[in-house]
1. Quote to one decimal, in nm, the extra length available between ALA23 and LYS97 on full extension: 0.36 nm per residue of separation minus the C-alpha distance between them.
2. How far apart, in nm, are the 7 Å Cα→Cβ label points at LYS90 and GLN107?
3. Test of understanding: what is the full-extension gain from LYS49 to THR83, defined as 0.36 nm times their sequence separation minus their Cα-Cα distance?
4. Report the semi-axes of the equivalent ellipsoid for the range 2-116 in whole Å, largest first, where each axis is √(5λ) for an eigenvalue λ of the Cα gyration tensor.
Amino acid sequence: MRSIIVVSALLLASLSALAADVAGNWAITIDSPQGPVAATLALKQDGDKLTGTISSQLGETPITGTVKENDLEFSMTMDVNGTAMALTYKAKLDGDKISGTLDFAGQAVIPFSGKKT
């Protein structure tokens with residue numbers, strides 16, 4: 001029984017090690033209907049957990065999310081005219097590049113891409 005627990009713990013630790021290293025700063029471009037929006041992601045990573053901030057012309061907002069292998073998902077809440085809107089980013093990592101979609105509170109899904117700086 002004890003060996004099963006040890007093996008399980010080692011397996012879980014090795015799975016966390018498989019998460020890509022995404023910590024650092026990322027320059028991204030969001031392809032909004034009004035034109036491209038430049039933003040900066042500052043990501044911190046602890047195993048498969050992500051925290052950090054996204055900064056754009058609208059200010060700086062905290063984000064939380066996960067990374068599993070080369071798949072990232074993170075979210076933030078933004079105030080739009082007094083209404084809290086949940087924004088969810090889903091992306092794939094390809095070396096020092098990232099690309100994916102931004103789901104704007106279920107109202108629109110728009111592409112974004114970027115590069116680690």
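The numbers here are math on the coordinates, done by the rules we state, and not lab data. Remember, it's a predicted structure, so these values are computed and weren't measured experimentally. Note that each Cβ is placed from the backbone with ideal geometry, even for glycine, and that neighbours are counted across all protein chains shown.
1. Extending this stretch completely gives an extra 25.4 nm.
2. 2.1 nm
3. Extra length from LYS49 to THR83 when fully extended: 9.5 nm.
4. Numbers: eigenvalues 183, 46, 29 Å².
So the equivalent ellipsoid measures 30, 15, 12 Å along its semi-axes.
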